[in-house]
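Take a look at the structure below.
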Amino acid sequence: MKRASNQNRWQIRKSWIAAICCAAGCATAAAYTTEDANTIFEAHSKAFYREQDGRGWHTKNTDGGKADFWTRAEQMEMVMDAHARARNPKYLEMFASLFRGFIADHGRTWERNDFNDDIMWMVIACCRAHLASGNAEYRDVAKENFDLCYKRAISPDLGGGLWWKTDNRSKNACVNGPGSIAAFLLGLSTHDTSYTAKAKELFLWERATLFDEKTGKVSDNIHLGGKIGAFALTYNQGTFVGAANLLGYNEDAKLAATFTMNQLCRDGYLPPGGESGDGGGFNGIGVRWIARFMKDQHEQATFEPWLQKNAEAAWQARRAPDNLSWCASPKPTPPGLKYSWGCSNAVVIMQAIAPTEGSKSGKSQ
């Protein structure tokens with residue numbers, strides 16, 4: 001590796017100083033506003049969103065490339081989070097562009113993808129977009145791909161549930177939680193109650209197999225031989241909460257959300273993720289569904305202070321030059337290469353959680 005020139009070293013040093021000053025300044029004024037939620041979304045879009053000939057995508061990082069299948073799908077969900085907060089039609093237009101870009105790159109059906117969870121993430125994104133926009137194409141693509149994925153992934157082995165991959169070696173929370181949510185939303189989109197029944201079937205399998213009814217912990221997986229992968233991750237907790245909430249298992253949802261808050265966090269802060277790996281956006285997924293449960297079941301007194309603390313931390317951690325915030329808040333976002341997926345956490349959290357103050361103009365949005 002070449003040594004940085006004196007000028008480059010000075011630029012890096014200035015960026016670090018700016019980040020530290022920003023963090024220090026925000027620490028004394030931690031509140032964030034609806035305008036700040038807009039700002040962090042626009043910063044992410046400026047850094048990572050690209051469009052050509054009406055087809056959009058998120059780049060892999062600040063150097064370019066394209067995000068992979070599932071992180072691309074989840075950043076499409078991030079756009080729907082922004083729409084759910086602001087109800088601005090520009091976000092539906094952005095989703096439409098991203099959808100066209102996704103289909104152009106991955107096709108209308110996704111059987112070539114060996115990861116069943118990847119497909120379920122995109123089904124969720126399409127169902128959410130259909131329910132918000134009424135665009136029948138989103139619903140039809142979601143239905144076609146849910147059906148092909150469910151058919152190849154469901155089996156009576158290990159008591160039921162979906163295989164994680166087409167090699168049929170383990171059944172994981174990361175496909176069964178999203179699979180349940182996808183089926184429930186598809187039931188709303190199609191008015192077909194058979195999907196609602198599938199949603200309950202998948203949730204009850206996950207509840208019986210991977211959920212600890214005493215603690216609220218959701219284990220990651222069960223291997224074909226019956227061994228449980230007994231570690232818990234924020235996104236698995238979140239999708240379990242999401243499915244439980246949608247299906248009316250509110251005590252289970254609260255227990256899993258409480259486990260996330262009390263056992264997976266340190267000093268109340270969500271665990272840091274690796275910027276370039278799958279874990280970069282786990283916390284955003286977890287917060288998305290915990291926040292929805294909180295709002296649906298009026299549990300703000302229990303969960304909102306904790307969630308707002310993490311939203312404030314995400315805002316404080318942004319770096320001054322471009323307002324990007326990484327996946328290890330409250331530590332300041334360092335200079336250099338940043339990944340769209342790793343920077344999506346902060347965006348999602350600030351869309352999902354009510355601001356601690358109104359807009360700077362005194363008007364809420």
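The values are calculated or read from the model by the stated rules, or taken from the named source; none is laboratory data. Computed from a predicted model, the values in this text were never measured in an experiment. Don't worry about glycine lacking a Cβ; one is built from the backbone with ideal geometry, like all the others, and counts go over all protein chains shown. To get the accessible areas, we keep the full protein, side chains included, count just its heavy atoms, and leave off ligands, DNA and RNA. Shrake-Rupley method; radii C 1.70, N 1.55, O 1.52, S 1.80 Å.
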Would a scan of region 163-172 turn up a residue that is part of a helix (DSSP H, G or I) and modelled with pLDDT of 95 or more? no
Matching option when the condition is small (Gly, Ala, Ser) and out of contact with any helix residue (DSSP H, G or I) (no Cβ under 8 Å at 6 or more places or on another chain), among Ala346, Ala328: Ala328
Within region 68-88, can one find any residue that is outside any loop (DSSP other than H, G, I, E, B) and at positive phi? no
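Residues are listed down the side, and each one gets a yes or a no for (1) crowded, with 22+ Cβ neighbours inside 10 Å; (2) under 11 Å from Ile349 (Cβ atoms); (3) among the basic types (Lys, Arg):
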| residue | (1), (2), (3) |
| --- | --- |
| Arg288 | yes, yes, yes |
| Ala291 | yes, yes, no |
| Met294 | yes, no, no |
| His298 | no, no, no |
| Trp315 | yes, yes, no |
| Arg319 | yes, no, yes |
| Cys327 | yes, yes, no |
| Pro332 | yes, no, no |
Mind checking which residues of region 95-113 are within 21 Å of the chain's Cα centre (by Cα) and either of a type in the set (A, V, I, L, M) or assigned to a loop (DSSP other than H, G, I, E, B) (or both)? Ala96, Leu98, Ile103, Trp110, Asn113
When region 63-108 is checked residue by residue, the ones that are of a type in the set (S, T, N, Q) and either out of contact with any helix residue (DSSP H, G or I) (no Cβ under 6 Å at 6 or more places or on another chain) or at pLDDT below 95 (or both) are Thr71, Asn88, Ser97
Restrict the check to region 125-139 and report whether at least one residue is in contact with a His (Cβ under 9 Å, 6 or more places away or on another chain) and open to solvent by 60 Å² or more (accessible area, probe 1.4 Å). yes
So which helices (runs of 4 or more DSSP H) are wholly in region 275-354 and hold at least 3 residues that are among the basic types (Lys, Arg) and farther than 18 Å from Asn61 by Cα? 282-296
